[in-house]
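Remarks on the structure that follows.
Nothing in this text is a laboratory measurement; each read-out follows from the coordinates by a stated rule. These numbers come from a predicted model, not from an experiment. Counting neighbours? That spans all protein chains shown, and the Cβs are built from the backbone with ideal geometry, glycine included.
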Amino acid sequence: MPETLPTDATGPLKGLRVLDLTAVVLGPFCTQMLGDWGADIIKIEPPTGDLVRNSGVHRNRGMASVFLGINRNKRDLALDLKSPEGAEVLRRLIPRVDVLVTNIRPAGMARLGFGPEECRVLNPRLVVAVATGFGQDGPYRARPAFDEIIQASSGFADIVGEDQGGPVFVPSLIADKVTGMALLSGVLAALYHRERTGEGQLVEVPMLETLTAFLSVEHLGGLGFEPRHGPAGYQRLRHRKPAPTRDGHITLLPYSSANWVAFFTMAGREDLIETLSVRDPVKRNANIEAVYAAMAEVARSKTTAEWLALCEQHDIPATGFTRIEALTEHPHLKAVGMFEEHDHPSEGRIRMAKPPTRFEKTPANIRRLAPRLGEHTVEVLQELGFTAAEIAEMQTRQVIRQA
């Protein structure tokens, strides 16, 4: 039996309408959160589909795991935006939505005839949110960008690879997802401004600048002073590594002075409390390499389970390591129901992480699973007033595609 999902949004953005002209990961990650929180998302894809439809594991072509993970709670319209008919569809859609989100490069949107000014003529209250690779006031503004390009440009890969003799990429789409969350924040802030003033605006969120700001919080280091006062980077984080135990590894993170005193006391190494000056945070940080080296050496004396029990007893932050293959069995995540299973109409039983943000009065909910290409094409076009004959003609001319 097909699963019956709730049809009504319960999240705080219920009633908001969003036109989603994004692809791959950054934009869809942002718009999925808007959808989870109640917005009606209309995703427009070219008739050939979003590139990410084939990224990851799949049962059926065009419905791969990455696409399934960032495109729920959306209606899907497959449309050739470069055609005159496609442009007419956009002209009818834009006045009906509150937000347009895109990661099409600004020059591309301008060529389509839907730059910010053209959109503002159609809908003065519209929030136009644009994710770019590089800020449009800089020399790299026309360059294409993907996650690894930004990890490389921002210094992120350099920081990660310090101990390995060369740059290393984080094996997660960190630049896309961090920028996606910044894009979400920008949309919500612009909507709040509109609520107070009635005016829409353009919001630009560039990937390089966003990841640079994200990294600079702790890693600007000595570059945060003029003249510079020491090296870039955050030495304490550079020395934080998995600690080997008698039977594996553990993450030990004594943080406060009291934590450090308790750790060395319960380890039977009270002598290190004074030797390493762990009571004084300034002296401790100045000597952090020796402090972490001592902790790693002490950690070898007990099993992971013994350390976890002791750390819990003394309220010292610590945890074992979860293998990605065992993530769905994590005891806390299982207890909170983090992973939900649903029956997808074409993909069968699928599993996904639920919306993690909890709203007391207006909970997020899952109303639609990731759509097939063009699944809602006819539905959306009918809402816009296109007749059955016009829709059939667009189908014949391959302007649209239906699932």
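Label reach from LEU333 (point 7 Å along Cα→C-beta): in the stretch 54-70, amide nitrogens under 15 Å belong to 69.
Remark: the stretch 1-115 carries a charge dipole of roughly 200 debye about the Cα centre, counting +1 on each Lys and Arg Cβ and -1 on each Asp and Glu Cβ. Here the Karplus curve 6.51 cos²θ - 1.76 cosθ + 1.60, taken at θ = phi - 60°, turns the phi angles of the stretch 322-339 into couplings of 9, 6, 4, 5, 9, 4, 5, 9, 4, x, 5, 5, 5, 5, 8, x, 5, 9 Hz, with x standing for Gly and Pro.
Counting only lysines at least 8 places from LYS82 when in the same chain, those with an alpha carbon closer than 29 Å to its own are LYS43, LYS74, LYS177. In order along the stretch 224-237, the phi-based Karplus estimate (6.51 cos²θ - 1.76 cosθ + 1.60, θ = phi - 60°) of 3J(HN,Hα) comes to x, 10, 10, x, 4, 10, x, x, 5, x, 10, 4, 4, 5 Hz; Gly and Pro are listed as x. Restricting the calculation to Cα atoms, the stretch 153-206 shows an Rg/Rh of 1.26 when the hydrodynamic-style radius is the Kirkwood one. Taking other Cβ atoms within 10 Å as a rough exposure proxy, LEU122, LEU51, LEU369 sort from fewest to most as LEU51, LEU122, LEU369. Mean residue ellipticity, 222 nm, helices only, the chain: the sum of -39500 (n - 2.57) across DSSP H runs of n ≥ 4, divided by residue count and rounded to 500, is -11000 deg cm²/dmol. Comparing mean-square fluctuations of ARG194, ARG246, ARG72 from a GNM of the chain with C-alpha springs under 10 Å, the top value falls on ARG246. Taking the Kirkwood radius as Rh and the Cα radius of gyration as Rg, the stretch 243-320 has a ratio of Rg/Rh equal to 0.94.
Comparing ILE94, ILE288, ILE104, which has the greatest mean-square fluctuation in the GNM of the chain with Cα pairs linked when under 10 Å apart? Taking springs between Cα atoms under 10 Å, the residue moving most is ILE288.
Net length available on complete extension from GLU360 to THR275 is 25.7 nm, with 0.36 nm assigned per residue and the Cα-Cα distance removed. Relative to the Cα centre, the charge distribution of the stretch 243-320, modelled as +1 at Lys and Arg Cβ and -1 at Asp and Glu Cβ, gives a dipole magnitude of about 100 debye. Ordering ASP50, ASP315, ASP343, ASP80 from the fewest to the most neighbouring beta carbons within 10 Å gives ASP315, ASP343, ASP80, ASP50. Under a Gaussian network description of the chain, with springs only between Cα atoms under 10 Å, the residue in PHE29, PHE114, PHE264 that fluctuates furthest is PHE264.
Near the amide H of THR22, within less than 5 Å, lie the amide hydrogens of ILE44, ASN103, all on another chain or at least 5 residues away, with H placed in the peptide plane. Roughly what percent of Cα-Cα pairs across the chain reach past 32 Å? Cα-Cα pairs of the chain separated by over 32 Å account for 48 percent. Distance between the pseudo-spin-label points of GLU341 and ARG125 (7 Å out from Cα toward the beta carbon): 4.4 nm. Each pair of Cα atoms in the stretch 312-403 enters the Kirkwood radius, and Stokes-Einstein at 37 °C and 0.692 mPa s then converts it into a translational diffusion coefficient of 185 µm²/s.
Close amide-amide hydrogen proximity is noted between ARG246 and LYS302, THR303, THR304, each under 5 Å apart and 5 or more residues distant or on a separate chain (H modeled in the peptide plane; Pro and chain starts excluded).
Taking Cα atoms only, the orientation of helix 26-36 departs from the longest principal axis of the chain by about 80 degrees. Taking 23 Å as the straight-line reach from the Cα of LYS334, the lysines in range (excluding those fewer than 8 positions away in the same chain) are LYS354. Listing THR319, THR304, THR210 from fewest to most neighbouring C-beta atoms within 10 Å gives THR319, THR304, THR210. Rounded to the nearest whole Hz, the Karplus-based 3J(HN,Hα) values (6.51 cos²θ - 1.76 cosθ + 1.60, θ = phi - 60°) of the stretch 393-403 follow the sequence 5, 5, 5, 4, 7, 6, 6, 10, 9, 10, 5, with x at glycine and proline.
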